[in-house]
Amino acid sequence: MLRCVILVLAATSATADIVKDYKDCGSVSGKINTLDITPCPSFPCQFPKGKNVTVSITMTANAKLTEAKTVVHGIIDGVNTPFPISQPDACQDMTCPVNSGSEVTYTNSIFVREVFPKIRLVVKWEIQDQSGKDFICFEVPAEITD
């Protein structure tokens, strides 16, 4: 059993792409500890059409979080374009409520639709708190590919 768990952990670690050079774009009441985006072994992140992009964030709360909402935009030539989120309630993707000083892990995926154009953009990913302020926010350069 222990060998099976170690094998699963090793496989998970091998596929997660830890992102270190992201831009914090206004985290207010949370601090990003680690950010993993799959697939994203290097910048710009390559997001193939017809596949899921998975984001996993380990973060620490600087204030109590009772409700949370995921908001994702593609910034194309300086214009914020909303990305559709099938389930925007971020508390479905992490444990809520989160007390100040607590660490929590959030994991969510977005499906890159075939109708999206091949384009370079900046992905802006926000988790907003109960008052609509950014709990955390990050930006990464990306490219939608075939």
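Data for the structure
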| item | result |
| --- | --- |
| Verdict on Asp21 being at pLDDT below 95, closer than 22 Å to Asp134 by Cβ and open to solvent by 60 Å² or more (accessible area, probe 1.4 Å) | yes |
| Residue list for segment 73-99, restricted to those being of a type in the set (Ser, Thr, Tyr) and open to solvent by less than 60 Å² (accessible area, probe 1.4 Å) | Thr81 |
| Residue match in segment 72-88 (condition: at pLDDT 95 or above, aliphatic (A, V, I, L, M) and more than 19 Å from Asp24 (Cα to Cα)) | no |
| Hits in segment 130-146 - residues which are open to solvent by less than 50 Å² (accessible area, probe 1.4 Å) and acidic (Asp, Glu) | Asp134, Glu139, Glu143 |
| Flag if Phe83 is over 14 Å from Ala61 (Cα atoms) and either over 14 Å from the mean Cα position of the chain (by Cα) or among the aromatic types (Phe, Trp, Tyr) (or both) | yes |
| Hits in segment 100-127 (condition: in a loop (DSSP other than H, G, I, E, B) and surrounded by 11 or more Cβ atoms within 10 Å (Cβ to Cβ)) | Ser100, Ser102, Val112, Arg113, Phe116 |
| Pairs where the first residue, in segment 63-78, is over 15 Å from Lys23 (Cβ atoms) and the second is open to solvent by 40 Å² or more (accessible area, probe 1.4 Å) and among the acidic types (Asp, Glu), C-beta under 8 Å, 6+ apart | Ala68/Asp89; Lys69/Asp89; Thr70/Asp89 |
| Number of positions in segment 37-72 that are part of a strand (DSSP E or B) and either among the acidic types (Asp, Glu) or open to solvent by 40 Å² or more (accessible area, probe 1.4 Å) (or both) | 5 |
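The values are calculated or read from the model by the stated rules, or taken from the named source; none is laboratory data. What you see is a predicted model, and the numbers here were worked out from it, not measured in a lab. Note that we place each Cβ from the backbone using ideal geometry, even for glycine, and neighbour counts take in every protein chain shown. When the accessible area is computed, the model is the full protein with side chains, heavy atoms only, and any ligands, DNA or RNA have been set aside. Shrake-Rupley method; radii C 1.70, N 1.55, O 1.52, S 1.80 Å.
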